[in-house]
Each structure stands twice: as structure tokens, then as C-alpha cells.
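Student: Supplied in C-alpha cells, the structure appears directly below.
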Amino acid sequence: MTSTLTTLFQQRSAIGAALALAFTCQAQAAQYSVQFLEMGAYQSVTANDLNNVGQIVGSGRLAGVDGAQAVLWNGTAITTLSSSGRYSSAHAINDHGVVAGAVGGLHDDEIAATWNAAGQRTDIGAPHGYSQGLTINNAGQVGGFEAAEQFSAGRATIWNGSTPTSVGGALASSAYAINGIGQLAGAEHGARSSQATVWSGDQKTTLAGLGGTYSYAYAINDAGVIAGMSTLAGNAHYRAVTWDANGTLTLLQTPDGYDSDVRQINKHGQVLGFISRYSVETDLDETRIVIWDGDTLIDLSASLDAQTISEGWQLVDASGFNDAGWVVGRLRLGTSNVFRSALLTPVPEPEALVMMLAGVGLVGLVGWRRRRATAA
């Protein structure tokens with residue numbers, strides 16, 4: 001699905017495409033300030049996640065060098081994380097600055113790893129296997145998967161320190177997200193199917209889908225609310241969904257003619273994701289990055305600050321989302337091959353700014369809620 005994002009806006013401007021969407025909300029009410037992340041010596045960088053302190057992790061690639069290096073941004077300043085000369089990637093970061101990811105193994109495989117706040121690395125995956133640390137909570141528990149070798153069937157795994165526990169059963173499985181109490185969200189994989197799944201200790205819960213044979217649980221917050229996607233019957237289309245702590249499914253608002261999918265969920269239940277449709281006119285997939293906030297659908301692609309839009313930058317993907325509503329994403333300059341990773345922050349309205357100065361750190365969420373109440 002990521003490939004569809006990279007073809008975004010080949011023929012249409014962000015404003016024109018936004019006007020074409022019949023959202024049942026004030027999609028362009030919020031505005032987001034864009035701060036491009038430093039690249040340092042890297043030819044390209046990709047941001048994967050951010051925490052509630054504003055630290056960001058991802059990977060960078062040097063010109064003419066195979067393999068990426070795990071990187072950390074404090075603000076927009078970039079630092080390379082230790083990998084002992086091996087390739088590496090950073091997938092997630094908790095509020096204490098502890099990073100989960102992977103480094104190149106002994107036999108060209110990758111093994112799960114963590115970096116503490118001082119940048120010291122610990123390899124937690126089996127040295128002769130293949131594993132990925134994809135998510136981490138504030139207790140330092142890491143979720144991901146572990147396999148005997150690359151391309152072999154892996155099992156969803158939780159690491160407490162360096163100790164792995166496989167929670168997957170007989171089927172191949174992956175854990176994509178972990179919440180504060182150690183619940184894992186992910187999927188079990190069959191030969192031609194995947195089923196959204198949640199693991200809580202020794203208990204496994206299979207989540208109901210929308211009639212198709214593919215569903216995934218990509219994110220989970222501390223209230224146990226899960227965000228993911230499910231295909232419809234026939235698997236030709238897919239929809240963003242949430243499941244509450246009891247497993248009850250809710251279909252997220254998707255404009256007619258669009259598919260939708262999820263990236264992240266925060267503690268307020270706001271969901272980051274995208275909507276996408278095929279355009280006969282342009283012979284391209286048109287994709288919009290969006291935030292679901294209750295019954296409101298915010299078109300993030302159309303909500304960038306005026307300078308960013310005037311310079312021709314267009315939002316093509318988003319991966320990280322924190323409790324203040326900050327987003328890390330990837331922007332493209334027009335139809336060129338120039339891409340930049342950036343931090344997007346909601347611009348506080350004057351009343352929100354006054355409250356922040358008074359010591360109430362709402363970081364723009366007040367503005368969102370006021371706009372939402374006005375629209376209602």
C-alpha cells in the first residue's frame with residue numbers, strides 16, 4: 001500500500017484534489033506547521049515514529065552505500081545511532097527516549113535491537129535468526145516478530161529486557177503495536193489470509209472483520225482501543241476500522257469511492273491514516289493523509305501551512321502520531337523525485353496559545369476541539 005502513496009498528486013494540486021472530496025466535515029479547518037528534518041550527511045532519510053517529548057526515529061541512507069542507518073532526531077537535529085558498522089533501522093521510540101529497531105545480523109539477516117536514551121545498543125534478537133523490534137512502550141517492553149531466518153514464517157514476540165516470549169501460535173504472526181500494559185496488536189497469517197489479532201499475556205483474541213479474508217490490527221492505545229483495516233468481501237476494497245476493548249468493530253468514515261487504512265492511534269482515540277482511490281482521469285492512485293477525530297475527518301494533506309503549499313510540497317505519507325496530535329510524514333516536491341521527512345504540528349489558535357502561556361499545555365488540541373464543536 002505504501003507504493004500507492006508515492007504516486008500521489010502526479011497530476012492534481014493539493015487544493016484542487018481537496019475541493020473534490022465531499023467530506024462531511026470542515027476538512028481544512030485545522031492547519032499544520034511543517035518543519036523539515038535535518039538530513040546531515042545522508043542522501044535520504046525516513047522518519048518512522050515520534051514520542052510525546054518530540055523525539056523522532058527512523059533511518060538514513062548514504063550515497064553509494066548499501067543499507068540504512070538508524071537515526072534519531074531531537075527536534076530537527078539528526079544523530080546516528082550505534083550499529084557497529086552494520087546496517088540498522090529504528091522503528092519506534094518511547095517517552096523515555098528508548099528506541100526499538102533492528103541491526104544487521106551475523107549472516108546478512110536482521111536482529112531486533114534497542115538503544116537506550118544514551119544511545120547504547122542492546123541486541124535482543126537471537127544472533128542466528130531474523131527478528132524485528134517494531135514497537136515499544138514506556139515500560140521498555142518491545143513487540144515485533146522473530147523467525148528462524150529471513151523469509152521464513154515468524155511468530156509475534158514480546159521482549160521483556162532481552163528475554164523473548166513468543167505469543168504466536170501455529171500460524172505465522174506479527175505484532176505491530178504495544179500499549180502501556182503490554183497488550184500486542186497485530187495479525188496472524190494464513191496461506192491466503194491475515195486476521196487482526198490482539199494478544200494479552202497468554203490470551204489471544206481474534207478480531208472480527210468486514211467480510212474479506214484480510215485484516216490487520218496496526219495500533220493500540222492504553223484504553224485497549226485498536227485501529228486497523230479490513231478488506232470487504234471479495235478483497236477488492238479495504239476500510240479503516242477500530243475495535244474497542246471488547247472487540248466491537250466501528251467502521252471509520254470513508255468518502256464514497258475511496259478505500260482507507262490506518263497508521264496510528266493516540267490516547268485520545270484520534271486515528272492517523274489515509275484514504276485512496278484510483279482515478280480514471282489520471283490513471284493514478286489519489287491518496288490523502290487524514291486524521292479521524294471522532295466523527296470528524298481531517299484532510300491533513302490539505303491542511304499544511306501556506307508557505308509549504310506555495311513552495312509545491314505535497315504530503316505523501318505519514319507514519320508517526322503522538323498524543324499532542326503531532327505527525328511525522330514524508331513530503332514530495334511537486335512531481336519531482338525530491339522527498340523530505342518532516343514534523344507536522346497543529347497550529348494553536350489564539351485562545352489555545354493564551355491557555356498554553358497560562359500553563360495549560362494543550363498544544364493545539366483545544367483548537368481542534370473548538371473547531372469541531374463549531375462545525376457541529
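Student: As an exercise, use a Förster radius of 41 Å and the Cβ-Cβ distance of VAL347 and ALA170 to find the FRET efficiency, rounded to the nearest 0.05.
Tutor: Values: r = 50 Å, r/R0 = 1.22.
Plugging the Cβ-Cβ distance into 1/(1 + (r/R0)^6) gives 0.25.
Student: Kindly state, to the nearest 0.05, the FRET efficiency for ARG192 paired with ASN52, given R0 = 30 Å and r defined as their beta-carbon distance. List each step's numbers first, then the result.
Tutor: Details: r = 39 Å, r/R0 = 1.30.
Using R0 = 30 Å, I get an efficiency of 0.15.
Student: Still on this structure, I have one more. Restrict the search to the range 129-198; then list the chymotrypsin sites (Phe, Trp or Tyr not before Pro) that DSSP places in a loop and that have at most 14 other Cβ atoms within 10 Å of their Cβ. Before the final figure, lay out each step's value.
Tutor: Values: sites: TYR130, PHE145, PHE151, TRP159, TYR176; in loops: PHE151.
Those satisfying the criteria are PHE151.
Student: Along each of its three principal axes, how wide is the spread of alpha-carbon positions in the range 41-114, in whole angstrom units, largest first?
Tutor: For the range 41-114, the Cα spread along each principal axis is 35, 25, 16 Å.
Student: Once you have the Cα-Cα distance between SER152 and ASP295, take 0.36 nm times their residue separation minus that, and quote the gain in nm to one decimal.
Tutor: Gain on stretching SER152 to ASP295: 47.4 nm.
Student: Sticking with this structure for a sec: Can you give the Rg to Rh ratio of the range 161-204, both from alpha-carbon atoms, with Rh computed by the Kirkwood formula?
Tutor: Values: Rg = 10.7 Å, Rh = 11.0 Å.
With Rg and the Kirkwood Rh in hand, the quotient comes to 0.97.
Student: ASP222's amide H: which non-local residues (gap 5+, or another chain) put their own amide H closer than 5 Å, with H modeled 1.01 Å from N in plane and none for Pro or chain starts?
Tutor: Those qualifying (amide H under 5 Å, at least 5 residues apart or on another chain) are GLY180.
Student: In addition: Can you sort GLU281, GLU110, GLU149 by how many other beta carbons sit within 10 Å, fewest first?
Tutor: Result, fewest neighbours first: GLU281, GLU149, GLU110.
Student: Another question about this same structure. List every residue whose amide H lies under 5 Å from the amide H of ALA318, counting only residues 5 or more places away in sequence or on a different chain, with H placed 1.01 Å from N in the peptide plane.
Tutor: Correct list: ARG330.
Student: Another one. Quickly work out the ALA306-to-ILE181 label distance, labels modelled 7 Å from Cα along the C-beta direction, and quote it in nm with one decimal.
Tutor: According to this spin-label approximation, the distance is 4.8 nm.
Student: Figure the gain on full extension for ALA139 and GLN43 (residue separation times 0.36 nm, minus the Cα-Cα span) and round it to one decimal in nm.
Tutor: 31.1 nm
Student: Please state the shape class of the range 164-279: rounded when a/c is under 1.5, otherwise prolate if a/b exceeds b/c and oblate if not, all from the C-alpha gyration tensor. List each step's numbers first, then the result.
Tutor: Working: a/c = 2.18, a/b = 1.32, b/c = 1.65.
Oblate, because a/c is 1.5 or more while a/b does not exceed b/c.
Student: While we're on this one: What does the charge count near GLY182 come to, summing +1 for each Lys or Arg and -1 for each Asp or Glu among other residues with Cβ under 13 Å from its Cβ? Working shown, then result.
Tutor: Working: positive: none; negative: ASP202, ASP222.
Result for the local shell: -2.
Student: Let me ask something else about it. Just to confirm my numbers, what's the Cα centroid distance between the range 88-138 and the range 299-331 in Å?
Tutor: Between the Cα centres of the range 88-138 and the range 299-331 lies a distance of 28 Å.
Student: Using mean Cβ contacts within 10 Å as the protection proxy, how do 67-74, 329-336 order, highest first?
Tutor: Working: 67-74: 21.1, 329-336: 17.4.
Output ranking for 67-74, 329-336: 67-74, 329-336.
Student: Also, I was wondering about something else. Can you list the residues of the range 267-307 with backbone N under 16 Å from a point 7 Å past the Cα of GLN35, pointing along Cα to Cβ?
Tutor: 305, by backbone N distance to the label point.
Student: Right, something else. Distance in nm between label sites at ALA245 and THR163, each 7 Å beyond Cα in the beta-carbon direction?
Tutor: 2.7
Student: Okay, moving on. Please compute the net charge surrounding LEU210, taking Lys and Arg as +1 and Asp and Glu as -1 over other residues with Cβ under 14 Å from its Cβ. Please list the in-between numbers first.
Tutor: On the way: positive: ARG239; negative: ASP259, ASP261.
Computed value for this residue: -1.
Student: Can you check what the net charge comes to around ASP285, using other residues whose Cβ is under 10 Å from the Cβ of ASP285 (Lys, Arg +1; Asp, Glu -1)? Could you put the intermediate results ahead of the total?
Tutor: Values: positive: ARG277; negative: ASP259, ASP283, GLU286.
So the environment of ASP285 carries a net charge of -2.
Student: Pull out a ≥ b ≥ c, the square roots of the eigenvalues of the alpha-carbon gyration tensor of the range 99-174, then state rounded if a/c is under 1.5, prolate if not and a/b is larger than b/c, and oblate in the remaining case. Before the final figure, lay out each step's value.
Tutor: On the way: a/c = 2.38, a/b = 1.27, b/c = 1.87.
Note, shape of the range 99-174 comes out oblate.
Student: What are the ³J(HN,Hα) couplings of the range 70-87, residue after residue, when phi is run through the Karplus curve with 6.51, -1.76, 1.60 and θ = phi - 60°? Round to Hz, x for glycine and proline.
Tutor: 5, 9, 10, 10, 9, x, 10, 7, 9, 9, 8, 7, 4, 9, 6, x, 9, 5
The numbers here are math on the coordinates, done by the rules we state, and not lab data. Keep in mind it's a predicted model, so treat the numbers as computed, not measured. Cβ atoms come from the backbone with ideal geometry, glycine included; neighbour counts cover every protein chain shown.
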